[in-house]
Amino acid sequence: MSRRRVSPPEIMYPSRRVMRFCVLSFFIIAGVWVFTMRTDFGPLEDGIHLQKRQEAMDAEHPVDTFVKGFPQVRSWEETGTPVSEPEAAFLVEDGEITRKEPFDWPRVRKLFVFGDSFSTRDKDYRKDGVDGGHFQELLTCFSVFHDFHVLQYYNLAKVGATIHHSVLPPGLEEYGTYETQINDFEDLFTPLPGPWQVDWHSNDTLFIIFFGINDNRDDLHEGGTLDIPTTTKALVDSLMSQSRRLHSLGARNFLFMTLPPLHLSPKYKLPSQVGHDIHARVEQSIQCYNSYLRPAVKEFERELRDSNVMMFDLNQFWKLILDYPELFGITDISRFRITIDGRLPNFGRMGLAYHDNQHISWSSAELIARSVNGLLLRHSATIQSSNASQTEYTA
């Protein structure tokens with residue numbers, strides 16, 4: 001059988017018109033693909049930027065966050081006396097009936113303050129004796145908007161004080177702690193009503209508790225040997241435990257304060273200052289402390305149902321001052337000295353936020369006092385449960 005050689009098929013070449021069409025189609029498809037990729041899978045940094053921008057749009061404004069910490073007042077349309085009685089006026093616990101007296105700042109007659117250098121008047125009642133009380137100066141003016149003719153004020157705060165020896169002892173023994181301040185209070189002002197010239201009662205006395213400045217000092221951060229979350233939680237637990245002791249001594253009206261953003265003070269913010277190298281750890285410890293304090297105060301309130309427990313968020317308020325200094329009449333939030341013609345003027349009058357590299361000026365303290373006063377009034381029976389017309393509260 002003969003075999004026949006098969007010739008290869010002839011090669012077919014596309015025309016120039018077909019080639020132009022194919023090339024054009026390729027570029028169109030490639031362009032659409034690239035555009036789709038950029039739209040759907042943009043660069044990582046663009047995605048992060050868009051995410052942060054969306055988060056910023058969704059986040060609550062700091063002013064709104066701060067305002068939520070204040071009780072609301074009745075509108076002018078809500079007249080008369082509220083139908084409901086003050087919360088839990090009579091409480092039944094373990095078979096005993098306990099009366100919860102509503103808090104009323106205008107009717108408060110005694111004020112006790114526990115704290116550190118941010119609150120102290122540097123008064124030694126053991127050495128000097130218990131007097132008839134005094135009016136707080138503008139430096140730490142918690143009571144500056146109260147009628148000082150009727151308010152007796154006692155300050156047990158000490159420079160350098162910490163919360164408790166077991167967590168972080170004070171730098172010097174003489175500085176003491178929250179515990180030693182309560183020891184002084186118990187020895188000198190109890191049992192109720194205390195010395196004749198004091199004559200305090202549970203329903204007419206406010207206790208202000210403001211600690212943590214010295215517990216977030218440098219030795220908590222230098223070397224980084226102490227775990228910040230563990231240490232700050234222990235501090236808050238101890239603070240609340242000591243406050244329960246105050247309750248056992250007769251305290252029924254409490255005001256707690258969060259820690260201000262110390263890391264934003266000149267001491268930690270400015271490169272020329274001694275605390276700049278531990279700025280990040282100080283910021284973390286402040287955030288941890290406040291994150292534990294806020295729910296702890298709420299739990300304290302739920303536990304002590306016969307007491308009025310309030311908290312002023314100094315951290316949020318001070319950040320607002322630093323973010324909007326012009327709104328509050330503050331000149332500078334970083335520098336803390338001015339020299340004019342070789343002399344040092346009053347820094348508070350110059351509008352400086354800080355008196356030194358860490359402590360606030362008296363003008364800043366006055367801003368805080370004004371806001372604290374507003375919080376206390378918003379919590380007061382005079383505002384919340386009195387008879388109100390469109391123009392007047394009658395308590």
Going through segment 196-225 one residue at a time, which ones are surrounded by 22 or more Cβ atoms within 10 Å (Cβ to Cβ), over 25 Å from residue 308 (Cβ atoms) and at pLDDT 90 or above?
214, 215
Filter result (part of a loop (DSSP other than H, G, I, E, B) and among the hydroxyl-bearing types (Ser, Thr, Tyr)) within segment 166-212:
166, 190
I'd like the full set of residues that are of a type in the set (A, V, I, L, M, F, W, C) and either part of a loop (DSSP other than H, G, I, E, B) or buried (at least 18 other Cβ atoms within 10 Å of the Cβ) (or both), limited to segment 333-343.
333, 336, 338
Restricting attention to segment 296-313, the residues that are in contact (Cβ under 8 Å) with a residue 60 or more places away in the chain and of a type outside the set (Ser, Thr, Tyr) number exactly 10
Qualifying residues in segment 88-133 (those that are within 22 Å of residue 176 (Cα to Cα) and of a type in the set (S, T, N, Q)) - the one modelled with the lowest pLDDT:
120
Which pairs do you get when a residue that is within 22 Å of residue 150 (Cβ to Cβ), found in segment 188-214, comes within reach of a residue that is β-branched (Val, Ile, Thr) and assigned to a strand (DSSP E or B), reach meaning Cβ atoms under 6 angstrom, with the pair 6+ apart or on two chains?
208/113
Filter segment 344-395 for residues that are of a type in the set (Lys, Arg) and either modelled with pLDDT of 95 or more or closer than 19 Å to residue 310 by Cβ (or both); the one that is surrounded by the most Cβ atoms within 10 Å (Cβ to Cβ) is 378
Of all the helices (runs of 4 or more DSSP H) wholly in segment 235-332, which have at least 1 residues that are closer than 29 Å to residue 102 by Cβ?
279-303, 314-323
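The values are calculated or read from the model by the stated rules, or taken from the named source; none is laboratory data. Computed from a prediction, not measured in an experiment: that's the story for all the values here. When we count neighbours, we look across all protein chains shown, and the Cβ atoms used for this are built from the backbone with ideal geometry, even at glycine.
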